[in-house]
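Below is one structure, written out as structure tokens; comments come after it.
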Amino acid sequence: MAHLDATTLSILIPGQTHVLERNGNEAYVYFNTNGDAHMRLDDGESRRGHWRLLDGGYATDWENGVTGSWLIDHEPGTMNYINRDNAVRFRMLGVLFGDAKGLAF
């Protein structure tokens, strides 16, 4: 596995919606180009916050006080979100252009 670098993340994140597999269902995260972040989890919960690129990853500070700090790893045919302590992994199912799921509220 290899982590995506800052250059790749600067293309893959701003202005995109990431589709993730969570608990066997799809969850969505939209990263607005202005730094706002919007998420809808597989159980219907919605979150709003701010995202920023980090060296070799990114972080999202959600309004509920939770901060997520993530790396994106890739292998041939797959990409995975991995939190910084390697305890949580989510498979990335795809990337959609813009706010494809209307998450910005």
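Nothing in this text is a laboratory measurement; each read-out follows from the coordinates by a stated rule. Because the structure is a prediction, the values reported are computed rather than measured. Virtual Cβ from ideal backbone geometry, glycine too; neighbours counted across all protein chains shown.
Here are the numbers for this structure:
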{"item": "Convex hull (Cα only) mean projected area of the chain, reported in nm² to one decimal", "result": "6.4 nm²"}
{"item": "Linear extension gain, residue 34 paired with residue 104, 0.36 nm per residue minus alpha-carbon span", "result": "24.0 nm"}
{"item": "Given charges at beta-carbon only (K, R positive; D, E negative), |dipole| of the chain in Debye", "result": "80 debye"}
{"item": "Order of 82, 11 - criterion: other Cβ atoms within 10 Å of each residue's Cβ, fewest first", "result": "11, 82"}
{"item": "Extended-chain gain in nm, criterion 0.36 nm per residue less alpha-carbon gap, residue 26 and residue 11", "result": "3.2 nm"}
{"item": "Structure-based [θ]222 nm, the chain - -39500 (n - 2.57) summed over DSSP H runs of at least 4, per residue, nearest 500", "result": "-1500 deg cm²/dmol"}
